[in-house]
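Some notes on the structure that comes next.
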Amino acid sequence: MKTIGILITGHTPDQLLPDHGNYADMFAALLGEFDFTFRYYTVVDGEFPDGVSDADGWMVTGSKHGVYEELDWIRRLERFIRDAHAAKVPMVGICFGHQVMAKAMGGTVEKFEGGWTVGTRTYTRFDTGAVQTALAFHQDQVITPPPSAQVLGESDNCRIAVLRYGDWGLSYQPHPEFTPTFFEELTETQRRILPEPVYQAARKVTQPLSTQDFSQEIGAFLARPR
């Protein structure tokens with residue numbers, strides 16, 4: 001049984017916690033069919049593992065923060081990511097996790113000039129040819145991938161949506177861990193920060209999601225022998 005450490009980089013809105021849990025709970029549910037145990041570390045509050053060998057693999061969650069913010073915990077997380085890479089301890093990042101992995105490894109992350117990306121999005125995979133649907137909620141994007149990363153997927157307004165770092169890392173801009181109900185409730189809590197046309201277009205999830213596809217890919221990546 002492998003232990004997966006989940007690095008929590010943001011807090012679920014308080015009003016959604018009783019029904020949905022925190023972001024780490026959502027990842028644990030996403031990977032529920034795999035033989036994993038999970039440890040949670042709230043790195044956004046300064047709670048870090050002692051080292052990268054404290055787990056057999058790592059996941060990095062989403063966050064309201066931007067990776068370019070000058071916050072001590074973000075710089076410390078970047079160092080942790082580079083240490084995990086050097087030690088070949090596998091890592092998966094989602095949204096902010098996707099972005100901070102890219103920045104730590106030499107990529108560029110910026111606020112997207114096209115504004116918010118919120119709602120159900122379709123992603124084309126270059127590696128498999130698959131077309132997948134997932135929920136997105138972000139302003140920032142990876143603009144330039146790290147030299148060590150391969151771009152595996154894009155959407156119509158996110159050119160670098162899936163990155164693969166050889167056998168070590170895998171990251172996604174969308175949120176495969178979000179259920180439609182959680183996303184709709186989250187969108188309501190964040191309505192004040194969203195432009196009205198973005199909110200109206202995104203507030204309801206009307207398409208089937210490729211949750212199982214993402215679950216299988218992430219779980220198999222973390223579970224395979226190295």
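Using a 7 Å offset from Cα along Cα-Cβ at D19, what residues in region 167-206 end up with backbone N under 16 Å from the label point?
Counting backbone N atoms under 16 Å from the label point, the list is 178-191, 203-205.
Starting from the amide H of K2, placed 1.01 Å from N in the peptide plane, find each other amide H under 5 Å away whose residue is 5 or more places distant or on another chain.
Placed amide hydrogens put T37 under 5 Å from K2.
For region 24-91, just the Cα set please: Rg and Dmax, both in angstrom.
12.6, 38
In debye, nearest 20, what is the charge dipole magnitude of the chain about its Cα centre with +1 on Lys and Arg Cβ and -1 on Asp and Glu Cβ, if you could check?
Details: 20 positive and 29 negative charges, 96 e Å.
Here the chain has a charge dipole of around 460 debye.
What size of dipole, in debye to the nearest 20, comes out for region 113-177 about its Cα centre when the only charges are +1 on Lys and Arg C-beta atoms and -1 on Asp and Glu C-beta atoms?
On the way: 4 positive and 7 negative charges, 18 e Å.
That gives region 113-177 a dipole magnitude of about 80 debye.
What residues qualify as long-range amide H neighbours of H11, i.e. H under 5 Å apart, gap of 5 or more or another chain, H built at 1.01 Å from N?
Here the answer is K64, since their amide H atoms fall under 5 Å of that of H11.
What residues qualify as long-range amide H neighbours of L152, i.e. H under 5 Å apart, gap of 5 or more or another chain, H built at 1.01 Å from N?
V162, L163, R164
Find how much the distance from R39 to E196 grows on full extension, using 0.36 nm per residue of separation minus their present alpha carbon separation; answer in nm with one decimal. All intermediate terms of the calculation are to be shown ahead of the outcome.
Numbers: separation 157, 0.36 × 157 = 56.52 nm, distance 3.83 nm.
Here the segment from R39 to E196 would lengthen by 52.7 nm.
With θ taken as phi - 60° and the coefficients 6.51, -1.76 and 1.60, list the Karplus ³J(HN,Hα) couplings across region 155-170 in order, rounded to whole Hz; mark glycine and proline as x.
Calculated HN-Hα couplings, in order: 10, 5, 10, 9, 6, 10, 9, 9, 10, 10, 10, x, 8, 8, x, 8 Hz.
Counting only DSSP beta bridges with both residues in region 1-147, what percent are antiparallel, rounded to the nearest 5?
Rounded to the nearest five, the antiparallel share is 50 percent.
Highest mean first, how do 49-58, 99-108 rank when packing is the count of other Cβ atoms within 10 Å averaged over residues? Can you show the working numbers first?
On the way: 49-58: 16.7, 99-108: 23.6.
Result, highest mean first: 99-108, 49-58.
Taking Rh as the Kirkwood radius, which is the inverse of the mean 1/r over Cα pairs, what is the Rg/Rh value for region 146-205?
1.10
Using helices alone, I'd like the mean residue ellipticity at 222 nm for the chain: each DSSP H run of four-plus residues gives -39500 (n - 2.57), total over residue count, nearest 500. Each step should come with its number before you reach the end.
Working: 7 runs with 67 residues, N = 226.
When only DSSP H runs of four or more count, the value is -8500 deg cm²/dmol.
How large is ³J(HN,Hα), in whole Hz, for each residue of region 104-120 in order, when computed from phi with the Karplus curve 6.51 cos²θ - 1.76 cosθ + 1.60 and θ = phi - 60°, using x for Gly and Pro?
Karplus-based 3J(HN,Hα) across region 104-120 equals 4, 9, x, x, 10, 10, 9, 5, 5, 5, x, x, 5, 10, 9, x, 6 Hz.
Given the chain, what whole percent of its Cα pairs are spread farther than 32 Å? Walk me through the numbers on the way to the answer.
Numbers: 2613 of 25425 pairs.
Percent of Cα pairs beyond 32 Å in the chain: 10.
Could you name the aspartates and glutamates in cross-link range of K111, using Cα to Cα under 18 Å and dropping any fewer than eight places away on the same chain?
Within reach: E69, E70, D140, E154, D156.
Given a 1.4 angstrom probe, what's the average accessible area per residue across region 64-137, in square angstrom?
Working: 3220 Å² over 74 residues.
For region 64-137, the solvent-accessible area averages 44 Å² per residue.
Explain nothing, just the number: dipole magnitude of region 144-189 about its Cα centre with +1 on each Lys and Arg Cβ and -1 on each Asp and Glu Cβ, in debye rounded to the nearest 20. Numbers along the way, then the final one.
On the way: 2 positive and 7 negative charges, 69 e Å.
With only Lys, Arg, Asp and Glu charged at Cβ, the dipole is about 340 debye.
How many percent of the accessible area of region 63-219 is carbon or sulfur, using a 1.4 Å probe?
Numbers: 3340 of 6820 Å².
About 49 percent, which is the carbon plus sulfur part of the accessible surface.
Tell me, Kirkwood radius of region 89-178 from alpha-carbon pair distances, in Å?
Values: mean 1/r = 0.0784 Å⁻¹.
For region 89-178, the Kirkwood estimate is 12.8 Å.
The values are calculated or read from the model by the stated rules, or taken from the named source; none is laboratory data. Fair warning: this is a prediction, and the values are worked out from it, not measured in the lab. Glycine gets a Cβ as well: all are built from the backbone with ideal geometry, and neighbour counts include every protein chain shown. Surface accessibility is based on the protein's heavy atoms, side chains included, excluding ligands, DNA and RNA. Shrake-Rupley method; radii C 1.70, N 1.55, O 1.52, S 1.80 Å.
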